[in-house]
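Q: Quick one: this structure, given as structure tokens, is what I'll be asking you about.
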Amino acid sequence: MTRALLDTHLLIWALDEYGRLPADMRDLLQDPTNEIVFSVVSIWEIAIKARLGKISFAVRPEDIASSAISTGFVELPLRWQAAAALANLPMHHRDPFDRAIVAQAMSEPVHLYTVDRKLIPYSPLVRAI
């Protein structure tokens, strides 16, 4: 069994643009023994970036969250341990949402799947696809 945290882009692709996912990622999502989690930070990021008119975030945050839950994904709240861990993360990446999701992955621990290779230096838990 794998416990997999999807970054924001992969979460959107998994729920709204499934064809963009590589075959190995689709296999991971379809395996019923895996637990797929999504971060509340992703919903926060979608809400802010959708409000700012970012084209890649042209989805409603409540629709993504609802779809994730109905698909069987598990919501991962931002716990204080992850929030506090942000103070010690090196600045490999400047995006606060990505850094928060990395901190969550490290504090849980859970494997973080991402399309952003800049996150790899943070932890062996980060898996770039």
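Q: So, of the residues in segment 53-76 that are more than 12 Å from the chain's Cα centre (by Cα) and charged (D, E, K, R), which turns out to be nearest to residue 96 (Cα to Cα)?
A: Per the criteria, the residue is 54.
Q: Additional query: Which number in (1) without any contact (Cβ under 8 Å) to a residue 40 or more places away in the chain; (2) within 21 Å of residue 1 (Cα to Cα); (3) over 15 Å from the mean Cα position of the chain (by Cα) marks the one condition that residue 50 misses?
A: Checking residue 50 against (1) without any contact (Cβ under 8 Å) to a residue 40 or more places away in the chain; (2) within 21 Å of residue 1 (Cα to Cα); (3) over 15 Å from the mean Cα position of the chain (by Cα), the one that fails is (2).
Q: Could I ask something else about it? Would you call residue 65 open to solvent by less than 50 Å² (accessible area, probe 1.4 Å), farther than 24 Å from residue 26 by Cβ and either assigned to a helix (DSSP H, G or I) or touching a residue at least 40 places away in the same chain (Cβ under 8 Å) (or both)? Full working, then the answer.
A: Values: open to solvent by less than 50 Å² (accessible area, probe 1.4 Å): yes; farther than 24 Å from residue 26 by Cβ: no; either assigned to a helix (DSSP H, G or I) or touching a residue at least 40 places away in the same chain (Cβ under 8 Å) (or both): yes.
For residue 65, the condition - open to solvent by less than 50 Å² (accessible area, probe 1.4 Å), farther than 24 Å from residue 26 by Cβ and either assigned to a helix (DSSP H, G or I) or touching a residue at least 40 places away in the same chain (Cβ under 8 Å) (or both) - is not met.
Q: When only residues in segment 1-58 that are part of a loop (DSSP other than H, G, I, E, B) and small (Gly, Ala, Ser) count, which is modelled with the lowest pLDDT?
A: Going through segment 1-58, the residues part of a loop (DSSP other than H, G, I, E, B) turn out to be 1-2, 7, 17, 21-22, 31-34, 52-54, 58.
Still in the list and also small (Gly, Ala, Ser): 53, 58.
Numbers: 53: 83, 58: 72.
So, considering only residues that are part of a loop (DSSP other than H, G, I, E, B) and small (Gly, Ala, Ser), the one modelled with the lowest pLDDT is 58.
Q: Just wondering, is there one or more residues in segment 30-42 that are open to solvent by 30 Å² or more (accessible area, probe 1.4 Å) and under 15 Å from the mean Cα position of the chain (by Cα)?
A: For segment 30-42, residues open to solvent by 30 Å² or more (accessible area, probe 1.4 Å) and under 15 Å from the mean Cα position of the chain (by Cα): present.
Q: Does segment 1-29 hold any residues that are charged (D, E, K, R) and surrounded by 13 or more Cβ atoms within 10 Å (Cβ to Cβ), and which are they? First the steps, then the outcome.
A: So the first thing to find is which residues in segment 1-29 are charged (D, E, K, R), and the list is 3, 7, 16-17, 20, 24, 26-27.
Selection gives 3, 7, 16, 20, 26.
The values are calculated or read from the model by the stated rules, or taken from the named source; none is laboratory data. Since the structure is predicted, the reported quantities are computational estimates derived from the model, not experimental observations. FYI the Cβ positions are ideal-geometry reconstructions off the backbone, even for glycines, and counts take in every protein chain you see. With ligands, DNA and RNA removed, areas are computed over all heavy atoms of the protein, side chains included. Shrake-Rupley method; radii C 1.70, N 1.55, O 1.52, S 1.80 Å.
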